[in-house]
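For reference, the structure discussed in these notes is given below.
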Amino acid sequence: MVDTAQMLNTPARLAVEVCDWLTPAVDLSLLRHQPTLVGQGVRLEPLGPQHFDGLRSLFVGEAPGPLAVALADQVKLGLVVAKERPDRADWAIVTTVDGHVVGEVVLFSLDADHDSMEFRIALSGPERFDFGYGSEATLLVRDFAFGPLGLRRLTLEVAASNARARKVYDRAGFVVEGVRRAVRLVDGIWDDVVDMALLSSDPRP
Ligand SMILES: CC(C)(COP(=O)(O)OP(=O)(O)OC[C@H]1O[C@@H](n2cnc3c(N)ncnc32)[C@H](O)[C@@H]1OP(=O)(O)O)[C@@H](O)C(=O)NCCC(=O)NCCS
């Protein structure tokens with residue numbers, strides 16, 4: 001019979017931990033100063049106050065009024081420091097052809113002990129959907145995450161009913177790891193949430 005408690009104190013266990021220290025860690029300097037990522041249709045610029053107007057609908061909505069003004073001021077202050085945060089990377093998605101700001105894409109929830117982060121993306125409105133911006137931005141961040149940044153695992157969650165986003169994530173190689181049932185109320189119907197992830201060792205289509 002194997003004594004698990006004893007096993008955890010064996011030299012083998014220590015060797016595993018040492019090996020763990022030897023594996024290359026996430027390059028945190030690339031979160032503090034994330035580079036601009038350049039694709040064909042979009043480039044991803046480190047998010048800053050200059051992108052606020054293009055992303056107003058995401059950050060504060062379109063409703064006027066003092067509350068919206070106060071919120072906008074707060075967001076603008078946040079955007080001044082967003083670029084320098086050591087634990088996440090926020091980019092504005094900008095079209096290469098005309099320089100329009102069409103969305104944001106984010107790496108967040110850094111788990112530095114396990115070289116893992118979460119991914120999220122949103123375009124500024126439906127008028128921006130289905131031009132390929134989301135797919136290209138996802139691939140750019142995916143390749144940055146598993147390339148220079150050195151992540152081992154990238155996770156995301158998506159509403160089961162969000163077929164457009166599911167297509168983008170499937171195409172990037174994300175794998176379904178689980179389904180949480182009836183989590184969100186969408187248009188009066190309880191929707192499932194799908195957990196997806198990609199490992200550095202997974203195939204990247
Ligand atoms: C999800 C999102 C980032 C995708 O970006 P996008 O630029 O619209 O996506 P793309 O144009 O790159 O690709 C969308 C694909 O889905 C397809 N699609 C659109 N509606 C679809 C539907 N109802 N069912 C299946 N596929 C659909 C498109 O045809 C396209 O596929 P194709 O390139 O093979 O033609 C964007 O739509 C968005 O910001 N949505 C709102 C926020 C959101 O849902 N974020 C994700 C939260 S997890």
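The values are calculated or read from the model by the stated rules, or taken from the named source; none is laboratory data. These numbers come from a predicted model, not from an experiment. Neighbour counts are summed over all protein chains in view; Cβ atoms, including those assigned to glycine, are modelled from backbone coordinates with ideal geometry.
What pairs come out if I take residues in the stretch 65-85 that are over 18 Å from HIS33 (Cα atoms) and pair them with residues that are assigned to a helix (DSSP H, G or I) whose C-beta lies under 6 Å away, six or more apart or interchain?
Once the first residue is over 18 Å from HIS33 (Cα atoms) and sits in the stretch 65-85, its partners that are assigned to a helix (DSSP H, G or I) give VAL75/PHE59; LYS76/PRO49; LYS76/PHE52.
Would you please list the contacts, defined by Cβ atoms under 9 Å and residues six or more apart or on different chains, that run from a residue in the stretch 127-152 that is under 11 Å from TYR169 (Cα atoms) to a residue that is aromatic (Phe, Trp, Tyr) and in a helix (DSSP H, G or I)?
THR138/TYR169
Would you mind stating whether ALA137 is of a type in the set (A, V, I, L, M) and modelled with pLDDT under 95?
So ALA137 does not fit the description; no.
What number of residues in the stretch 126-166 are away from the ligand (no atom under 11 Å from the Cβ) and either in contact with a helix residue (DSSP H, G or I) (Cβ under 6 Å, 6 or more places away or on another chain) or not hydroxyl-bearing (Ser, Thr, Tyr) (or both)?
Within the stretch 126-166, residues that are away from the ligand (no atom under 11 Å from the Cβ) and either in contact with a helix residue (DSSP H, G or I) (Cβ under 6 Å, 6 or more places away or on another chain) or not hydroxyl-bearing (Ser, Thr, Tyr) (or both) number 15.
If I ask for residues that are of a type in the set (A, V, I, L, M, F, W, C), closer than 19 Å to LEU139 by Cα and crowded, with 16+ Cβ neighbours inside 10 Å, which ones from the stretch 65-109 would you list?
Within the stretch 65-109, ALA89, TRP91, ALA92, ILE93, VAL94, VAL101, VAL102, VAL105, VAL106, LEU107 qualify.
Looking only at the stretch 122-170, which residues are hydroxyl-bearing (Ser, Thr, Tyr) and either farther than 16 Å from ALA92 by Cβ or surrounded by fewer than 19 Cβ atoms within 10 Å (Cβ to Cβ) (or both)?
Answer for the stretch 122-170, where residues must be hydroxyl-bearing (Ser, Thr, Tyr) and either farther than 16 Å from ALA92 by Cβ or surrounded by fewer than 19 Cβ atoms within 10 Å (Cβ to Cβ) (or both): SER135, THR155, SER161, TYR169.
Of the residues that sit in the stretch 101-125 and are out of contact with any strand residue (DSSP E or B) (no Cβ under 7 Å at 6 or more places or on another chain) and either among the aliphatic types (A, V, I, L, M) or within 14 Å of the ligand (Cβ to nearest atom) (or both), which one is modelled with the lowest pLDDT?
ALA112
Does the stretch 54-64 contain any residue that is surrounded by fewer than 18 Cβ atoms within 10 Å (Cβ to Cβ), small (Gly, Ala, Ser) and outside any loop (DSSP other than H, G, I, E, B)?
yes
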